[in-house]
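Colleague: Let me begin by handing over the structure; questions about it come next.
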Amino acid sequence: MARQFTDAQLAEIARPFEEHAIEALAAGDLVRVRELLGQMEQGQAGLDALSAHTLARKVGKLRQDFGEEKTRDALRRIGARLMSTWVRQFRAGEEKAAIADLIAVYKHQSGARLDMTETAEELVVNLSPCGSGGRLERQGATTKHPAWYAGWSDGVSGFCQLCKSCQHALNEELDAPVWTTEKGDDGHCRMRIRKQDKEPLFSADELADLARTQVQRVEHALDSGNTDVEHLLRGQRKDWKPWHDFGVVCLEYFYNVALELGGPDYLDELLAQTYEPAFVAGFPRYEAMGDAELVKEIARTWNYHCADFTIHEEDDRFVFRLDPCGSGGRLLRGEMWRDMFHYGEPLAAKMASPHNINFNRHNAPTYCTHCAASNRAQLKGGPLFFLIDGHAQMQPGQACRQFSYKKAAQRACDPDLRAQVGMSDAVANPPSQGIHDAEKKSL
């Protein structure tokens, strides 16, 4: 097949929205800036939705298989690991920074709206609504599919159980109710963060900015007639790193819990039931895309997946070189936000032995198993829009590779990619089920 893009055109496709917005700002084209801000605000929406559903479903999977008591114990351990850097920060007297980072996790969740007040005793953060557990409740997931998203004896939904476990871990280590939440109606929630003394921590302007994303700060400035916003546009694609990385690390801990509870076969099952269906839900959308639309969409996804990448075109596919991938690659390199994660720490073991769920590798990074699961889902009959070469990144300094196949190309991909997940190139499997069909079957 003939090439569709020059190298220069592919480099342009890889550029994030923020660079175009900066150029429009320099040209005085505020209409274009506003248009791009709308795209930037939605840049991570798909990744965020995928993360929220898969996290909630993992909580539900453990509860179904092991019961509440054992699942609560697992959540307590996950919460303790997630909050360990905050515990150290509070103990070091870095209260203001710790609180700011805690709020940053929530303000970057899609659809979340925060307003904050500070009193002598505490910070009160109204999530109106919450963009994670509250959003899933507003979408009806907890009522339509209670086995996966709800069903707990105390009435707290699955995702919110995870949030509560983090609060419990922080409060237990600090021996005080530093962080608490009060759930309201329609996905609303109120967080309270107790201060160590009565002195103000934040000025009025700091408090306002604390609740706003970079896009929201740019919009506020432009509404006020202030066009000095280039510094707020730069790096916007990684502005949501607090929530992105928190979720990625949390998923990694779930994978290790699964290995402890049932070994690699159980991890395989967990991913098949909690990640593949959510991933497959996007198949119709990607199947309908033309090549140009697809390569642009995948480039946007990698930009908002906090990755650094280049694009190369081959006869039958586009190759994204990820140096590093924004999740598994950065975990492997120990480059997560707040220095939250390093392999070899508690709940951060690698998989010593080969298995279909870890690309049949020795000493495999546990997080990368979800890419083996998504490869398998596509190779069962879905569109080959996001295949990962699971043997490209064998060491932390190496880049990963992802392939998006062209529509007119033969859909028989490199046999090695099938072999990595234990599939024969000659086997024709039926298409995977989407999340809703899979849920109907499982309930």
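Colleague: Take the alpha carbon atoms of segment 54-116, find their center, do the same for segment 357-385, and report the distance between the two centers in whole angstrom.
Modeller: So the separation of the two Cα centres works out to 27 Å.
Colleague: Hey, another quick one. From Cα pairs below 8 angstrom and at least 6 apart in sequence, can you work out the relative contact order of the chain, rounded to a whole percent?
Modeller: RCO, the chain: 17 percent.
Colleague: To continue, here is another question. Per residue of segment 363-368, in order, report the coupling 6.51 cos²θ - 1.76 cosθ + 1.60 (Karplus, θ = phi - 60°) as ³J(HN,Hα) in whole Hz, putting x for Gly and Pro.
Modeller: So the J values, rounded to whole Hz, are 6, 7, x, 4, 4, 5.
Colleague: What's the whole-number percent of alpha carbon pairs in segment 1-152 lying beyond 29 angstrom?
Modeller: Across segment 1-152, Cα pairs with separations above 29 Å total 43 percent.
Colleague: Next question, about the same structure. Can you run phi through the Karplus equation (6.51, -1.76, 1.60; θ = phi - 60°) for segment 246-257 and list ³J(HN,Hα) in whole Hz, with x for Gly and Pro?
Modeller: For segment 246-257, the Karplus curve yields 4, x, 4, 5, 4, 4, 4, 5, 4, 5, 5, 4 Hz.
Colleague: With each run of n ≥ 4 DSSP H residues scored as -39500 (n - 2.57), what mean residue ellipticity at 222 nm is computed for the chain after dividing by its residue count and rounding to the nearest 500 deg cm²/dmol?
Modeller: Computed ellipticity for the chain at 222 nm equals -15500 deg cm²/dmol.
Colleague: Counting Lys and Arg as +1 and Asp and Glu as -1, each charge on the Cβ, what is the dipole of segment 1-148 about the Cα centre in debye, to the nearest 20?
Modeller: Charge dipole, segment 1-148, about its Cα centre: 860 debye, nearest 20.
Colleague: With a cut-off of 8 Å between alpha carbons and a minimum separation of six or more residues, what is the relative contact order of segment 72-202 in percent?
Modeller: Once divided by the residue count of segment 72-202, the mean separation gives 32 percent.
Colleague: List the relative contact order of segment 126-178 as a percent without decimals, with contacts defined as Cα pairs under 8 Å and 6+ residues apart.
Modeller: Relative contact order, segment 126-178: 21 percent.
Colleague: Additional query: In nm, what is the difference between 0.36 nm times the number of residues separating Ala92 and Leu222 and their Cα-Cα distance?
Modeller: Taking 0.36 nm per residue and subtracting the Cα distance, the gain is 43.0 nm.
Colleague: Between Ala419 and Glu269, what's the calculated FRET efficiency when r is the beta-carbon distance and R0 is 30 Å? Round to 0.05.
Modeller: The formula returns an efficiency of 0.90 here.
Colleague: Return the ratio Rg/(2.2 N^0.38 Å) for segment 306-400, where Rg is computed over Cα atoms only.
Modeller: 1.11
Colleague: Put a dot 7 Å past each Cα toward the Cβ at Glu19 and Gln4; how far apart are the dots in nm?
Modeller: The answer from the label model is 2.1 nm.
Colleague: Suppose we take every Cα in the chain and form the convex hull; what volume per residue is that in Å³?
Modeller: That works out to 146 Å³ per residue.
Colleague: May I ask you to derive the FRET efficiency for Arg212 and Glu122 from their Cβ-Cβ distance with R0 = 25 Å, giving the value to the nearest 0.05?
Modeller: The calculated FRET efficiency here is 0.75.
Colleague: Taking +1 at the Cβ of each Lys and Arg and -1 at the Cβ of each Asp and Glu, which of Thr181, Asn126, Cys163 sits farthest along the dipole of segment 72-202 towards its positive end, judged by Cα position relative to the Cα centre?
Modeller: Cys163
Colleague: On a 28 Å Cα-Cα criterion, which of the cross-link pairs Lys164/Lys241; Lys144/Lys195; Lys144/Lys238; Lys61/Lys380; Lys107/Lys350 come out too long?
Modeller: Lys144/Lys195; Lys144/Lys238; Lys107/Lys350
Colleague: Still on this structure, I have one more. Quick one: if you take sqrt(5λ) for each eigenvalue of the C-alpha gyration tensor of segment 209-265, what semi-axes come out, biggest first, whole angstrom?
Modeller: Semi-axis lengths for segment 209-265 are 40, 9, 6 Å.
Each value in this text was obtained by applying a stated rule to the coordinates, not by laboratory testing. Everything numeric here is computed off the predicted structure, so don't read it as measured data. No Cβ is skipped: glycine too gets one built from the backbone with ideal geometry, and neighbour counts run over all protein chains shown.
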